[in-house]
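Reviewing the structure listed below.
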Amino acid sequence: MFVRRIARCIIAVAMWPIFHKFGSPPWLYAISGAILRWMLPVTLILLVIGAVWGLMFSPADFRQGNSYRIMYIHVPAAVVALAGYYVMALAGAINLIWRMKMADVAMKAAAPVGAAFTFLALFSGAVWGKPTWGAWWVWDARVTSMLILLFLYLGVVALYEAFDNKEAAGKACAVLSLVGMVNIPIIYKSVDWWYSLHQPASIKLTGESTIDPSMLYPLLLMIAAFYALFTCCLLLNMRVELLRRESRTHWVGSLAKRECSDVL
Amino acid sequence: MSGDPASSPLLASQSLCLIRGGRELFRELSFEVYAGQLWQIEGLNGAGKTSLIRILCGLSRFGFEGEVVCNSPLLYLGHQPAVKALLTPRENLSWHVSGDGLHSNTQIESALARVGLSGYEDVPCHTLSAGQHRRVNLARLFLSEAALWLLDEPFAAIDKEGVDELQTLLTAHVKAGGAVVMTSHQALQVNCDVRFLNLGAGVAA
Amino acid sequence: MYFDSLHALLTMDGHGAYVWLVYLVALAIIALLVVAPIRRRKQVLQQLAAQPNHVQPVAVSPSAKEL
Amino acid sequence: MSAPGTLQFCIRLLRRQLLLAVRRPIEISNPLVFFAMVVALFPLGLGPALENLAGFAAGTLWIIALLSNLLTSDAVFRSDFEDGSLEQLLLSPQPLYLSVLAYIGAHWLMTGLLLALASPVFALLLNLPGQALGTLVMSLLLGTAVLSLLGGIGAALTVGLKRGGMLTSLLILPLYMPVLIFGSAAVQGAVSGIPAGPYLAILAAMLCLAIALAPLAIAAGLRISIDA
């Protein structure tokens, strides 16, 4: 039994270029279903463990007291928001260059999820600013560049909705997100230069981090959980988008009959 | 497709398939255009004639399946006359043909005369009629060196003698080794072999 | 457990309101991000099951037949 | 593949755009009149006291220049799109990259350059200290060129849309922000006596990046909009 499963994985990997070349909708729908079946529960469990660990078990910060616990939401959300934009831009680039419809589906699914994470990072950053600096909104580097990132996301979503021909919409959004991707480092550096009040990002993934391990481990766990959550939401949205785009095809029709017959 | 297989086709399309608003306009459309041929694309309104021409000339590159190979410089005249109202016919025409190289002033004036615009060369176009705008656009045919012409309803808003003048020009161009793909509702009186492409019934003739 | 009582956990000596606000909003957003697509998927499927509009398979890519 | 005389073609395109603009001079003056009007708003809004006007004159001048550039950059391709000459430009054998560069260059000459040259007058309205005028003009020269190129990307993506006006500013304002940061920093530096060289250098670097990459995005955007 175990050997057969390994063999099936090897065949799947070997077949990858063929499937990848077609990137056929029914195959993608089936694969995403399989991945989600185990990934979604694992992600939710990770989130709960990380939240409980960060909220209840890690010690308070000597300078900020307990308000630093907001970091366990703010930093992962900010990291995933930025990564989400790059995922969207790369999916757009693949759609532009190799004309893969699945990349267009991925880009369309990534935009709202990324925007939601950006909003979450923005909101948590603002609320974290109240006890720390005494004001609901402080124009510091991190929060400002996060706000500009949200504007970039909203620009892409607005452009997608403005087109009637959805294929052209996908291409236009791919161009806009690539332009945005080129500009993000420039925006971040210029905002950082412009206002360097914010404490330097406490985790330097490259250098030695400035916070002690008892606070660091829950944060790393939360970052991993947020990445997994982003992947799950992306796959969930892609499945809906796939069904909507392929609603005329045969396999979706039979799927609808099968799914809804056992429900009725 | 009988055509002289000696020379490679000026324009070849494989299994073109276009779906517009859930309706399938054409499917598995493959044909080749050789030098010396005049293709007329027929079909009811909304049958996708203009979309097909825009696909063939490379303006629309997405939204359809299949592939178009064009290995000759082409001239596309669309519905819009591409004439700037603020410029004069002379400026408009010299701008249009400036893409493929320089043309002397006399050539431009002779082309404008051929389409019946002599005397209007230096009048701003916003004082001219829509038909005259289309004539400025059609004047390009006299100056173009492109072998392949893709014309979308060239005879629209053109009076009787203008149509005859154009038909003689088209036959001369085709006889001289060029090729024309055009959409039109009028029957053509041209004495060279005309191939019809009826979008309703797939590829004919 | 860092906090010795439930009350201490809730107040977090003054910062509890902000921390819990952020965590609740985060929970709401995460729930929205996960539940909404699942519900939309069911809606699309039910819509399709209700009126199966099987135009002849237009965009069936070749590999689908192989499966 | 590029046909002969690419450079002549770009120069002819530049001349054609300038000819079109000159034939309707009122459109050239619109951004300048808009600039003057918005400059007049600030003293009305914030009180006529010259000291606090001077305090933020650098930033407001740059913001107003950015907004007037934004207003004009929306309709760069619209008139050519509507009468079909944009399709002919895409189909011409000349490389689209250079044609677009000439297009945006002509638009910049008509809007950005005049804005930069006229800005000292508006600076005096807001009581900007005299020694900062030179830096203001220099930073606006570089900055408006970058703004025009970025605005061209927004214009190319929304040229096919009926109600694209508002959308263009939504798309490209975030991209304008770094230019604004360094532009106003250069002028503020000049006001407080710091040499503005480094800021102008960064603006020039942004200009080079924009010249190199923006026409690619603009050409892709035009091809997509024409096809929609």
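Details
- Efficiency of FRET from Cβ geometry, B:H79 and B:T106, R₀ 25 Å, rounded to 0.05: 0.25
- The string of couplings for region D:104-113 from the Karplus curve (6.51, -1.76, 1.60, θ = phi - 60°) is 5, x, 5, 5, 5, 4, 7, 10, x, 4 Hz, one whole number per residue in order, with x for Gly and Pro.
- Loop-resident trypsin sites (Lys or Arg not before Pro) (DSSP state other than H, G, I, E or B) in region A:112-204 with no more than 12 further Cβ atoms inside 10 Å of their Cβ: A:K204.
- Taking chain D as a Gaussian network of alpha-carbon nodes connected by springs under 10 Å, the highest mean-square fluctuation of the residues D:F42, D:F81, D:F122 belongs to D:F42.
- P(r) tail fraction, region D:6-227 - alpha-carbon pairs more than 22 Å apart, %: 50 percent
- Cα-based Kirkwood hydrodynamic radius, region B:53-165, one decimal, Å: 14.9 Å
- Separation between Cα centres of region B:28-75 and region A:45-103, rounded to whole Å: 49 Å
- Cβ-Cβ distance of C:A17 and D:F56, R₀ of 30 Å, FRET efficiency by 1/(1 + (r/R0)^6): the value works out to about 0.25.
- Along its three principal directions, the equivalent ellipsoid of region A:59-125 from the Cα gyration tensor extends over semi-axes of 35, 9, 6 Å, largest first.
- Whole-percent pair-distance distribution, where bins are 10 Å wide, for the alpha carbons of region A:127-174: 25, 30, 20, 18, 7
- Computed on region D:23-83, the Cα convex hull volume stands at 84 Å³ per residue.
- Projected label distance in nm at B:K160 and C:A36, using a 7 Å step from Cα toward the beta-carbon: 6.6 nm
- Pairs of alpha carbons in region A:30-248 whose separation is greater than 24 Å (percent): 48 percent
- For the listed peptides D:56-66, C:23-33, A:218-228, a ranking on the average number of other beta carbons within 10 Å per residue, highest first, reads D:56-66, A:218-228, C:23-33.
- Kirkwood-based shape ratio for region B:89-135, expressed as Rg/Rh from alpha carbons: 0.95
- More than 34 Å apart - percent of Cα-Cα pairs taken over the protein assembly as shown: 60 percent
- Using alpha-carbon coordinates, inclination of helix A:25-52 to the longest axis of chain A, degrees: 20 degrees
- For B:R195, residues with placed amide H under 5 Å, excluding near neighbours: B:L38, B:W39, B:Q40
- Selected from D:L149, D:L114, D:L170 as most flexible by GNM, with chain D as the system and alpha-carbon contacts under 10 Å: D:L170
- Each 10 Å bin from zero holds the following percent of Cα-Cα pairs in region C:1-49: 23, 27, 21, 15, 11, 3.
- Here the ratio of the Cα radius of gyration of chain B to 2.2 N^0.38 Å is 1.04.
- FRET efficiency for D:S79 and A:S261, using Cβ-Cβ distance with R0 set to 41 Å, rounded to 0.05: 0.10
- Per-residue mean of C-beta atoms belonging to partner chains within 10 Å, peptide D:79-85: 5
- With a cut-off of 14 Å between beta carbons, the residues surrounding D:L91 carry a summed charge of -1, where Lys and Arg count +1 and Asp and Glu -1.
- When chain A is treated as a Gaussian network with alpha carbon springs shorter than 10 Å, the biggest mean-square fluctuation among A:M181, A:M107, A:M88 belongs to A:M181.
Laboratory data are not the source of any read-out in this text; all were calculated from the coordinates shown. Please read all numbers here as calculations on a predicted model, not as lab measurements. Cβ atoms come from the backbone with ideal geometry, glycine included; neighbour counts cover every protein chain shown.
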